[in-house]
Amino acid sequence: MIIDFHTHIGDFGRAWREEGTAVTFENLIQRLDDEGIDKAVLLPIYVSPDAIYPGFIIDPRMSVHDQVVDAAKFSDRIIIFGNLDPRWSGGATRGDFAPYLDWFAEHGCRGIGEITSNLPFDDPRVINMFQQIGKRRWPVVFHGTGFAPGTYGLQDDPGSPRLERLLAAAPETPIVGHGPGFWAEIGPITAEAKNGYPSGPIPEEGSLPKLLRRFPNLYCDISAGSGYRAITRDREFGIRFLQEFQDQIVFATDVTSCKPEARTDHLGLLQRLRDEGQLDQAAYDKITGGNAQRLVGLA
Ligand SMILES: [Zn+2]
């Protein structure tokens with residue numbers, strides 16, 4: 001079974017004044033059919049202000065509630081996640097997310113994400129929320145970034161010391177990383193590279209491979225330009241990385257437009273590596289679906 005572990009519904013084009021690019025349940029499932037993908041993990045958006053473009057607030061399409069409830073109509077193809085912001089502490093909540101996790105569970109959710117709030121990974125509110133999610137053995141998907149204005153996602157310094165503290169503090173929580181600040185750490189890193197898309201050969205490994213070895217609860221989704229570039233910038237390194245961490249990597253795309261030209265080569269890359277004998281069949285099967293099934297309790 002092939003599972004795309006990182007998809008969204010919504011009108012991302014609105015942020016850039018592009019018409020007619022909204023991702024709907026119908027055109028998402030059409031893409032899955034066209035690409036031979038069995039299921040998609042849907043990560044609700046419109047949660048954290050850091051990741052909300054001004055145009056989103058006048059988008060009539062969807063709230064998190066609607067994304068979760070509407071996904072139930074497509075439950076044979078869509079694996080729905082809930083989403084939260086660690087800063088929510090108003091009313092009676094005071095950092096207790098149980099009522100919302102219960103609601104997500106009652107509505108068929110199997111994880112949380114993607115977390116896009118601009119907070120350090122080791123902020124007590126982030127650790128608290130990840131620990132509560134881990135008690136249910138649910139995976140959490142996050143977008144990782146460095147410290148810089150105009151970004152969204154959980155923040156870290158070069159070398160990932162804050163992510164390391166979160167992983168140690170929430171050992172029961174399967175934590176799935178994605179985004180430029182996460183993937184730049186595949187190799188040696190500078191503060192500047194942490195917020196970008198470093199390219200070229202990887203002379204020595206960065207903090208990401210080391211963290212994957214130390215923390216079996218750390219996973220990576222290979223979606224978007226950040227994941228694709230990280231595993232292709234140095235072909236030999238990328239193949240070794242996929243083989244060594246085949247139990248902790250999930251295929252994913254993060255496609256945010258319905259236009260055919262927005263489709264990505266992530267699955268094609270994995271298929272080519274398998275066909276060329278660079279990636280063995282067992283590793284291919286785990287990365288394209290087996291690990292995802294285990295993470296969401298479908299195995
Ligand atoms: Zn995303």
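The values are calculated or read from the model by the stated rules, or taken from the named source; none is laboratory data. Predicted model, so just to flag it, every value in this text is computed and none were measured. For neighbour counting, all protein chains shown are included, and Cβ atoms are generated from backbone atoms with ideal geometry for every residue, glycine included. Just the protein is used for accessible areas: all its heavy atoms, side chains included, with ligands, DNA and RNA removed. Shrake-Rupley method; radii C 1.70, N 1.55, O 1.52, S 1.80 Å.
I want to make sure I understand the PRE zone here: with the label point 7 angstrom from the Cα of ALA262 toward its beta carbon, which residues in the range 99-137 have backbone N atoms less than 17 Å away?
114
For the chain, with the dipole built from +1 on Lys and Arg beta-carbon atoms and -1 on Asp and Glu ones, taken about the Cα centre, which of TYR46, ALA105, SER199 lies farthest toward the positive end?
ALA105
Send over a whole-number figure in Å² for the accessible area per residue of the chain, probe 1.4 Å.
Roughly 41 Å² per residue, with all protein chains present.
As a test, work out the antiparallel percent of DSSP beta bridges whose residues both lie in the range 3-295, rounded to the nearest 5.
5 percent
Let me check I've understood the local charge: for LEU154, count other residues with C-beta under 9 angstrom from its C-beta, Lys and Arg +1, Asp and Glu -1. What total comes out?
Taking every other residue near LEU154 into account, the sum is -1.
Treating cross-link reach as a plain straight distance, find the lysines whose alpha-carbon is under 26 Å from the alpha-carbon of LYS39, omitting any fewer than eight places away in the same chain.
LYS73, LYS135, LYS259, LYS286
Can you tell me what the convex hull of the Cα atoms of the chain projects to on average, as an area in nm²?
Reported value for the Cα convex hull: 14.5 nm².
Taking 2.2 N^0.38 Å as the expected size of a compact globular protein, what ratio does the Cα radius of gyration of the range 253-299 give against it, to two decimals?
Compared with the compact-globule rule of thumb, the range 253-299 sits at 1.36.
Considering only ALA148, ALA40, ALA22, give the residue with the highest GNM mean-square fluctuation for the chain, with springs between Cα atoms whenever their separation is below 10 Å.
ALA148
Let's see if you can work this out: charge +1 on each Lys and Arg Cβ, -1 on each Asp and Glu Cβ, no other charges. What is the dipole magnitude of the chain about its Cα centre, in debye to the nearest 20?
520 debye
For the range 162-299, max minus min Cα coordinate along each principal axis, in Å, sorted largest first?
For the range 162-299, the Cα spread along each principal axis is 37, 36, 32 Å.
For the range 104-149, divide the Cα radius of gyration by the Kirkwood radius and give the resulting Rg/Rh value with two decimals.
1.02
How many percent of Cα pairs in the range 66-120 exceed 13 Å?
Tail of P(r) above 13 Å: 62 percent of Cα pairs.
With the contact rule set at Cα under 8 Å and sequence spacing of 6 or more, what percent relative contact order holds for the chain?
Relative contact order comes out at 18 percent.
Could you give the length gained by full extension between ILE58 and GLN293, i.e. 0.36 nm per residue of separation minus their alpha carbon distance, to one decimal place?
Length gained between ILE58 and GLN293: 81.0 nm.
Take the solvent-accessible surface of the protein heavy atoms, probe 1.4 Å, and return the percent of it on the chain that carbon and sulfur atoms account for.
52 percent
Using only Cα atoms, figure out Rg for the range 87-182 and give it as a multiple of 2.2 N^0.38 Å.
1.05
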